[in-house]
Protein chains: 2
Amino acid sequence: MRDVSIIGVGQVPVGEHWDMSLRELGYGALSAALRDARLERIDALYVGNMLSGELTGQEHVGAMIADFAGLRGIEAVKIEAACGSGAAALRIGYIAVAGGLADVVAVMGIEKMTDKQGSTVTSALAMAADGDYEALHGLSFVSINALLMRRYMHEHGYKKEDFAPFAINAHANAMNNPNAMFHSRVTPKQFIEAKMIADPINLLDSSPIADGAACVILAPAAMAKEFTNRPVRVRASAIATDSVAVHDRRDPLFLEGGAISAHKAYAMAGVGPNDIDLFEVHDAFTIMSALSLEAAGFAARGKGVGLALDGQIGLDGRIPITTLGGLKARGHPVGATGMYQIAEVALQLRGEAGAGQVSGARLGMAQNIGGSGATVITTILEAS
Amino acid sequence: MRDVSIIGVGQVPVGEHWDMSLRELGYGALSAALRDARLERIDALYVGNMLSGELTGQEHVGAMIADFAGLRGIEAVKIEAACGSGAAALRIGYIAVAGGLADVVAVMGIEKMTDKQGSTVTSALAMAADGDYEALHGLSFVSINALLMRRYMHEHGYKKEDFAPFAINAHANAMNNPNAMFHSRVTPKQFIEAKMIADPINLLDSSPIADGAACVILAPAAMAKEFTNRPVRVRASAIATDSVAVHDRRDPLFLEGGAISAHKAYAMAGVGPNDIDLFEVHDAFTIMSALSLEAAGFAARGKGVGLALDGQIGLDGRIPITTLGGLKARGHPVGATGMYQIAEVALQLRGEAGAGQVSGARLGMAQNIGGSGATVITTILEAS
């Protein structure tokens with residue numbers, strides 16, 4: 001097996017791109033990543049996407065984006081694992097390069113959501129849940145997360161406002177990210193007064209629907225210096241699954257897929273949580289930040305919210321999270337999100353995060369979650 | 001790179017499975033393949049599927065099927081390349097095993113289509129075409145293929161009835177396949193009198209919508225004998241892409257993706273068309289059989305139909321095709337089709353095709369096509 005490096009990073013700013021088609025979003029991210037790597041050709045393209053069929057009437061986006069980018073002929077497929085599709089695409093590209101079946105591959109995450117009405121998008125997103133046992137009975141993603149958050153508050157003795165630091169931190173960090181959807185700070189007062197969506201989840205617990213595409217180029221570490229003087233090593237990429245339906249979990253408040261995936265990744269990289277300098281959590285809702293911190297070993301059970309309350313998640317905290325805005329403020333174009341997380345960790349490790357830079361960051365981690373934890377992909381990157 | 005073998009094969013009969021859910025279809029194929037390989041655990045599951053979201057309201061099928069099969073925790077994702085999804089999943093599994101990142105993986109193709117009205121399914125299938133430049137203007141898959149067939153007849157001087165041998169051969173061969181959807185012979189008279197769908201394509205040029213799931217288990221060739229005394233070697237698996245829109249091709253009557261994919265596969269296996277003992281073509285429509293035979297080098301340009309007219313595609317012909325019924329008569333559950341093709345080639349090479357056995361078959365090939373040629377996956381298998 002070969003070591004693998006990220007040699008190029010490209011992002012389209014997250015937002016409402018009513019003037020760009022799916023193929024244009026994909027081309028934007030791919031061409032930026034190719035320019036960053038000073039490359040024109042790649043061996044393969046793996047496109048993470050969840051809802052292109054449901055929301056834009058287009059499947060077959062692998063071939064479509066490859067052709068539109070002038071790469072007709074190459075291997076190209078779509079990878080889907082609900083909101084975990086982006087990092088799942090990285091895992092497939094990692095397998096191809098590490099195993100020696102390809103040298104230079106592009107891995108992308110892409111989603112276009114804002115052309116449709118909110119109710120249509122909410123129904124489409126529910127396809128990440130169990131269709132027969134959750135969605136059919138009217139559970140949406142926000143309501144599933146509301147049930148989890150309410151139970152967490154009950155079990156561990158937290159109040160609603162204790163979740164505020166996750167949103168405040170994400171919005172503060174997004175101020176430093178030109179590709180973030182929101183550039184507006186959130187105050188504790190705004191958080192507690194925000195419009196209720198599904199009690200106890202309010203608007204500021206929730207990440208926004210968005211359009212976006214992000215892409216990184218992978219190559220064998222031994223070749224990386226041909227393309228860039230700032231390669232970022234992929235130390236681990238690991239997928240684990242759990243039940244799709246939350247009621248079928250051994251413990252609904254523990255992300256078993258997150259724990260297995262993190263343990264696999266730590267084993268691959270030969271590191272532990274104490275070695276990680278920053279952690280991009282999948283904060284689709286504030287409760288997911290807490291559960292991810294706990295599953296990945298940064299906080300004991302029931303202590304994820306406490307870590308945030310103690311001020312330990314900021315850029316100079318014990319474990320900086322959502323360092324460039326997270327899903328909450330960078331935005332959550334679902335199938336693209338995992339790749340934005342990875343692109344952001346890579347920029348941190350290249351020292352290119354601007355005013356959002358985590359000082360001295362050497363080892364960064366991202367955890368991308370499909371559904372409410374049924375697929376979890378943990379990626380560990382290292383500066384070189 | 002390690003040599004890879006198929007150590008288990010499982011199929012659900014193709015048909016209208018109104019009494020089985022998506023997860024039950026998937027479990028049926030996966031459990032049969034695991035039994036065939038005398039296995040209980042696998043390292044990963046790659047699920048080829050196109051339309052689970054559009055037709056059953058369920059994305060995230062990788063995790064769902066893994067959990068329902070009692071494999072909670074393992075790596076599992078969905079792979080999508082329109083009607084090429086099945087063989088694309090095999091390609092991803094092949095990469096993982098050949099590269100040494102996994103030992104034993106299951107690769108599946110699955111689709112559930114018949115719960116919905118035909119018009120809904122036709123619209124969903126059009127998502128394999130170019131949404132902006134084909135589907136938006138009312139082109140369905142049958143109409144795209146009708147344009148290709150009409151042009152082929154004009155360019156190469158064939159009549160409509162010259163395409164009959166493809167349908168007659170497929171239906172005759174399906175008689176020997178217990179997993180085929182149709183067990184009824186077709187006569188030349190029936191073919192020419194069949195109901196017109198989109199002139200010149202009639203009902204008997206067209207493969208049926210269906211439900212189904214097929215699965216094979218992959219392992220390193222060096223380990224294969226631990227599981228089975230009839231391993232089948234994967235000599236090649238290669239994906240190539242072309243434009244999604246047919247009007248954007250250099251020549252609409254030449255499957256450039258099919259040619260590139262076949263050439264890559266021949267190079268991987270170190271063989272040529274003359275070495276192949278049987279060839280599973282992607283006969284979604286009869287015209288695709290001709291174009292695939294030509295792209296893969298079994299017939300010169302414009303001679304694919306002639307090969308069939310000359311009686312060379314039967315079980316004892318120069319190049320037997322659709323040996324267990326093809327898409328036309330085994331049925332075409334789109335995202336599952338590529339895996340049915342591979343399962344059928346594997347059974348031929350194990351000598352288990354019953355009365356449909358191609359005598360002395362050592363080297364078999366399948367070509368699985370996404371859209372009207374935008375993704376083509378060529379797989380070459382060898383008896384061991």
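The values are calculated or read from the model by the stated rules, or taken from the named source; none is laboratory data. Note that the structure is predicted; figures quoted are calculated from it, not measured. Cβ coordinates were reconstructed from backbone atoms using ideal geometry, including for glycine residues, and neighbour counts include every protein chain displayed. Remember, those area values only see protein heavy atoms, side chains included, never the ligands or the DNA or RNA. Shrake-Rupley method; radii C 1.70, N 1.55, O 1.52, S 1.80 Å.
Just a few scattered comments:
- Dipole in debye (nearest 20) - the stretch B:47-196, about Cα centre, beta carbon charges: Lys, Arg +1; Asp, Glu -1: 580 debye
- Folded to 0 to 90 degrees: helix A:286-295 orientation relative to chain A principal axis, Cα: 70 degrees
- The label point for A:Gln190 and the one for B:Lys159, both projected 7 Å from the Cα toward the Cβ, are 7.6 nm apart.
- Cα-based equivalent ellipsoid, the stretch A:226-384: semi-axes from gyration tensor eigenvalues, Å: 24, 17, 15
- For the stretch B:64-123 and the stretch A:94-110, distance of Cα centres in Å: 19 Å
- Summarising the amide proton neighbourhood of B:Gly370: residues at separation of 5 or more, or on other chains, whose placed amide H is nearer than 5 Å comprise B:Gly84, B:Thr375, B:Val376, B:Ile377.
- Near-label residues of the stretch B:193-223 by backbone N, under 20 Å of a point 7 Å along Cα→Cβ of B:Met268: B:214-223
- Taken about its Cα centre, the protein assembly as shown carries a charge dipole of about 900 debye when Lys and Arg each add +1 at the Cβ and Asp and Glu each add -1 at the Cβ.
- Rounded to the nearest 100, the interface formed by chains B and A buries 4500 square angstrom of accessible surface, both chains summed, with a 1.4 Å probe.
- Portion, in percent, of the accessible area of the stretch A:276-372 that falls on carbon or sulfur, probe 1.4 Å: 47 percent
- The helix-only estimate of mean residue ellipticity at 222 nm for chain B, built from DSSP H runs of length n ≥ 4 each weighted as -39500 (n - 2.57), is -10500 deg cm²/dmol after division by the residue total.
- Cα centroid separation, the stretch B:243-302 to the stretch B:319-356 (Å): 17 Å
- Across the stretch B:49-58, computed HN-Hα scalar couplings (Karplus, 6.51 cos²θ - 1.76 cosθ + 1.60, θ = phi - 60°) run 7, 9, 10, 4, x, 5, 9, 10, x, 9 Hz from first to last residue, x flagging Gly and Pro.
- Entry note: chain A has Rg to Rh equal to 0.94, where both radii use alpha-carbon atoms and Rh is the Kirkwood radius.
- Using the Cβ-Cβ distance between B:Leu203 and B:Asp316 with R0 = 41 Å, the FRET efficiency computed as 1/(1 + (r/R0)^6) comes to roughly 0.90.
- Assuming charge only on the beta carbon of Lys and Arg (+1) and of Asp and Glu (-1), the dipole of chain B about its Cα centre is about 640 debye to the nearest 20.
- The phi torsions of the stretch A:80-94, fed into the Karplus equation with coefficients 6.51, -1.76 and 1.60 and a -60° offset, translate into couplings of 10, 8, 6, 5, x, 4, x, 6, 5, 5, 4, 4, 5, x, 4 Hz, rounded to whole numbers, with Gly and Pro shown as x.
- Long pairs among B:Lys189/B:Lys328; A:Lys112/A:Lys195; B:Lys160/B:Lys328; A:Lys116/A:Lys195; A:Lys78/A:Lys225; A:Lys195/A:Lys328, criterion Cα-Cα beyond 19 Å: A:Lys112/A:Lys195; A:Lys116/A:Lys195; A:Lys78/A:Lys225
- For the stretch A:25-124, accessible area per residue (1.4 Å probe, heavy atoms of protein chains only), Å²: 23 Å²
- Amide H within-cut-off set for B:His60, under 5 Å, with H built and near neighbours excluded: A:Ala82
- Computed with a 1.4 Å probe on the full set of protein chains, the accessible area for B:His156 sits at about 70 Å².
- In chain A, the DSSP beta bridges split such that about 70 percent are antiparallel, to the nearest 5.
- Top of A:Arg35, A:Arg91, A:Arg318 by mean-square fluctuation, Gaussian network on chain A, Cα under 10 Å: A:Arg35
- Solvent-accessible heavy-atom area per residue, rounded to whole Å², over the stretch B:331-384 at 1.4 Å: 17 Å²
- C-alpha long axis of helix A:256-269 to longest principal axis of chain A, angle in °: 40 degrees
- Annotation: amide H of A:Gly8 within the under-5 Å range of A:Ile217, sequence separation 5 or more or interchain, hydrogens built in the peptide plane.
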